[in-house]
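Reviewing the structure listed below.
The values are calculated or read from the model by the stated rules, or taken from the named source; none is laboratory data. On a predicted model such as this, the values are computed, not experimentally measured, just so you know. Cβ atoms come from the backbone with ideal geometry, glycine included; neighbour counts cover every protein chain shown. Side chains are part of the model used for accessible areas, which takes the heavy atoms of the whole protein and leaves out ligands, DNA and RNA. Shrake-Rupley method; radii C 1.70, N 1.55, O 1.52, S 1.80 Å.
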Amino acid sequence: MSERVIAIEGGYKLNGTVRISGAKNATVALIPATVLSDEPVEIYGVPEISDVKALAILLKELNCEVSVEGDKVTIDPTHMKDLPLVSDAVNKLRASYYFMGVLLGKYKRVKIKMPGGCYLGPRPIDLHLKGFEALGAKITYEDDTYILEADELIGNRIYLDFASVGATINILFAAVKAKGKTVIENAAKEPEIIDVANLLTKMGAKIRGVGTDTITIEGVEHLHGTFHEIIPDRIEAGTFLVIAAAAGEKVLIQNIIPQHLEALISKLKEMGVEMEVIGDSIIVYGGRAPLHHVNIKTQTYPGFATDLQQPLTTLLTQAEGDSQVKETIYAERFKHCEQLNKMGANIELEEATSIIHGATPLHGARVEATDLRCGAALVIAGLIATGKTEITNIYHIDRGYDNIDHKLITLGAHITRYEIDD
């Protein structure tokens, strides 16, 4: 059997301009949100990623019409049907769990297979289910399938033991058409949640307090069509900041909301990376000074994003001294370290912690993208390594990065895709 790889010839300095796409983590919630409407909804700035294609398949299974024109996606749920989601497409997409909330909200019942996605250690959805139960749903689980049913959904006060993005959004979906008032306490504050709430509000939902730790929802009977533009992807933006710091000379990154990246920007400056913030753009001047070691601790927003610790780890291999990355969100999010060590890095693992001994030169090797952000870390490593790097399992990268090959090639990177024997 053969497998497609991304191959990178390292050592070429990057220069030029790159534009950040719409937020992947907002997109995968915004698209399911549209089915709560009784009319068509248009979403602009949709990134060209495989997760969007997987969501379109699920929507079509529910008899929704989906049309794509460039970065605009129109979803028409007018003729939508109440059907179980039990196809293999559900397993390929972690965000398919958002259909639990929207279908429960719309039809008061859902039958859906266990969601898939990257394996980053235990990723339970118990907080989602706790929220649904608090609104009145009865939940059963059999043969890898969840069945959620409610005679009616009634607003309630729900406290989240952990400020989970997915649970906050999913409970929001179920609550917008529930009877009465729902209050979510210890809610997550990520920008993507605000973006989803903005869409729902345009559709007619009554939501207050998004962006704080207490969200209040007054249930409504009907939601209507609208249009919405997605916020820029802060994780893609952060990845390109790290890329520019690692392999760039002068790189202008456009369509950024700098406030969404304050934790990363402060760490990059602490490392000695020179950059200039100009409105919604950032210029990074790479390679001007030696990099200093730093310590990272991932936290919920506005702390350091777990999705950026893997890309930053690659840059830390080039910093003098020992850096430490402590992971508090996904304890097993360190599979990239073994792959980086194959390329010459010197990384030790302890419980939920990596220690990066730098600086170490990296060399090309055949490595595996075990998950989406591991793939980003390996792309950065390939750009700065000597020789050729071949990355396998690249479908993970395509799940979350819009045209990353093309964007890097326009900056001067040498990247190709081809088949290898497995």
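Of all the accessible heavy-atom surface of region 357-422, with the other protein chains kept in place and a 1.4 Å probe, what percent is carbon and sulfur? Please list the in-between numbers first.
Numbers: 1260 of 2390 Å².
It is 53 percent, rounded to a whole number.
Ratio of region 152-259's C-alpha Rg to 2.2 N^0.38 Å, to two decimals?
With N residues counted in region 152-259, Rg over 2.2 N^0.38 Å equals 1.31.
Would you mind finding the longest exposed-site-free stretch of the chain, with exposed chymotrypsin sites (Phe, Trp or Tyr not before Pro) meaning DSSP loop and at most 16 other Cβ atoms within 10 Å? Working shown, then result.
Numbers: sites that count: Tyr12, Tyr119, Phe162.
Counting at most 16 other Cβ atoms within 10 Å as exposed, the longest clean stretch of the chain is 163-422.
Could you calculate the FRET efficiency of Glu274 with Tyr12 from 1/(1 + (r/R0)^6), where r is the beta carbon distance between them and R0 is 25 Å, rounded to 0.05? Working shown, then result.
Working: r = 20 Å, r/R0 = 0.81.
Working from the Cβ atoms, E equals 0.80.
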Taking GluC sites (Glu not before Pro) in a DSSP loop with at most 14 other Cβ atoms within 10 angstrom as exposed, one finds the longest site-free stretch of the chain at 1-151
Cross-link partners of Lys342 among lysines (Cα-Cα below 25 Å; sequence separation of 8 or more within a chain) | Lys13, Lys297, Lys326, Lys388
For region 281-422 the translational diffusion coefficient, Stokes-Einstein from a Kirkwood Rh over Cα pairs at 20 °C and viscosity 1.002 mPa s, in µm²/s, is roughly 137 µm²/s
Which values of log₁₀ I(q)/I(0), to two decimal places, follow from the Debye formula for region 11-51 at q = 0.24 Å⁻¹ with a uniform point scatterer at every Cα?
-> -0.87
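Determine the calculated [θ] at 222 nm for the chain from helices alone, applying -39500 (n - 2.57) to every DSSP H run no shorter than 4 residues and normalising by the residue count; nearest 500 deg cm²/dmol.
Working: 14 runs with 137 residues, N = 422.
That calculation yields -9500 deg cm²/dmol at 222 nm.
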For region 84-182, fraction of C-alpha pairs farther apart than 21 Å, in % = 26 percent
Quick one: accessible area per residue over region 1-109, 1.4 Å probe, rounded to a whole number of Å²?
-> 39 Å²
Could you check how much of the accessible area of region 54-198 is carbon and sulfur, as a whole percent, using a 1.4 Å probe?
-> 48 percent
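Can you list which of the trypsin sites (Lys or Arg not before Pro) found in region 23-95 are DSSP loop residues with at most 15 other C-beta atoms within 10 Å?
Working: sites: Lys24, Lys53, Lys60, Lys72, Lys81, Lys92, Arg94; in loops: Lys81, Lys92.
Those that pass, being in a loop and sparsely packed, are Lys81.
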Using a 10 angstrom cutoff on alpha carbons, build the Gaussian network for the chain and name the most mobile of Gly248, Gly105, Gly387.
-> Gly387
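Tell me whether region 352-422 comes out rounded, prolate or oblate; compute the Cα gyration tensor, take square roots of the eigenvalues as a ≥ b ≥ c, and use a/c under 1.5 as the rounded threshold.
On the way: a/c = 1.45, a/b = 1.26, b/c = 1.14.
Rounded, because the longest to shortest axis ratio a/c is under 1.5.
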Roll a 1.4 Å probe over the protein chains and send me the accessible area per residue for region 274-352 in Å².
-> 44 Å²
Percent antiparallel among DSSP beta bridges with both residues in the chain, to the nearest 5?
-> 70 percent
Over all alpha-carbon pairs in the chain, figure out the percentage whose distance exceeds 40 Å.
-> 18 percent
